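S.K.: The structure follows.
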Amino acid sequence: MIRHCVFVRFRDDVSTSEHMAIHADLEGLRSLIDGMGKVCFSANVSPEPFARGFSHGFTIDFRDAAARDAYLVHEAHQRAGARLVAALEGGTDGLMVFDLEISG
């Protein structure tokens with residue numbers, strides 16, 4: 001399984017309703033992309049001082065790397081990703097992506 005971890009710095013002028021709409025767009029991809037599983041969203045709740053300004057994040061579980069790769073190039077993901085990037089501080093500078101291979 002691949003756990004796709006995305007951490008973001010939303011611009012201050014982006015409303016909570018826009019956060020929720022972006023998350024809904026990403027959640028909606030589950031019905032379009034085979035092998036795309038659970039999607040989890042949250043504000044950062046860590047008490048540690050290491051967030052480096054990343055205020056929110058989400059994870060998406062994929063059955064395998066092939067499912068993740070299909071998601072990356074899917075036109076609906078491209079649209080949802082563009083909406084997300086438009087809401088971030090500095091565009092892609094406000095984004096960090098990290099994929100973990102989860103076994104067992």
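S.K.: Of the conditions (1) in contact with a helix residue (DSSP H, G or I) (Cβ under 8 Å, 6 or more places away or on another chain); (2) aromatic (Phe, Trp, Tyr); (3) surrounded by fewer than 18 Cβ atoms within 10 Å (Cβ to Cβ), PHE98 satisfies every one except a single condition; which number is it?
M.R.: (1)
S.K.: Test VAL8 against the stated conditions and say whether it is in contact (Cβ under 8 Å) with a residue 24 or more places away in the chain and either under 20 Å from ASP93 (Cα atoms) or surrounded by fewer than 16 Cβ atoms within 10 Å (Cβ to Cβ) (or both).
M.R.: yes
S.K.: Give the range 94-104 a look and list any residue that's under 15 Å from the mean Cα position of the chain (by Cα) and either in a loop (DSSP other than H, G, I, E, B) or within 22 Å of MET1 (Cα to Cα) (or both), or say none.
M.R.: Matches in the range 94-104: MET96, VAL97, PHE98, ASP99, LEU100.
S.K.: Among the residues of the range 32-40, is there at least one that is touching a strand residue (DSSP E or B) at 6+ places or on another chain (Cβ under 9 Å) and within 21 Å of ALA86 (Cα to Cα)?
M.R.: yes
S.K.: Would you be able to tell me the number of residues in the range 82-93 that are assigned to a helix (DSSP H, G or I) and either modelled with pLDDT under 95 or touching a Gly at 6+ places or on another chain (Cβ under 8 Å) (or both)?
M.R.: 1
S.K.: Under 6 Å by Cβ, and 6 or more places apart or on different chains, what pairs join a residue from the range 19-35 that is within 18 Å of PHE7 (Cβ to Cβ) with one that is of a type in the set (Phe, Trp, Tyr)?
M.R.: Going by the 6 Å Cβ cut-off, the qualifying pairs are HIS23/PHE41.
S.K.: Let me ask another. How many residues, within the range 62-84, are touching a residue at least 60 places away in the same chain (Cβ under 8 Å), surrounded by 17 or more Cβ atoms within 10 Å (Cβ to Cβ) and within 20 Å of ALA21 (Cα to Cα)?
M.R.: Here the count works out to 2.
S.K.: Before we move on, is LEU72 out of contact with any Ser or Thr (no Cβ under 7 Å at 6 or more places or on another chain), of a type outside the set (D, E, K, R) and either modelled with pLDDT of 95 or more or part of a loop (DSSP other than H, G, I, E, B) (or both)?
M.R.: Against the criterion (out of contact with any Ser or Thr (no Cβ under 7 Å at 6 or more places or on another chain), of a type outside the set (D, E, K, R) and either modelled with pLDDT of 95 or more or part of a loop (DSSP other than H, G, I, E, B) (or both)), LEU72 qualifies.
S.K.: Give the number of residues within the range 57-87 that are closer than 17 Å to ARG3 by Cβ and not hydrophobic (A, V, I, L, M, F, W, C).
M.R.: Of the residues in that region, 9 qualify.
The values are calculated or read from the model by the stated rules, or taken from the named source; none is laboratory data. All values derive from a computational prediction rather than experimental measurement. Cβ atoms come from the backbone with ideal geometry, glycine included; neighbour counts cover every protein chain shown.
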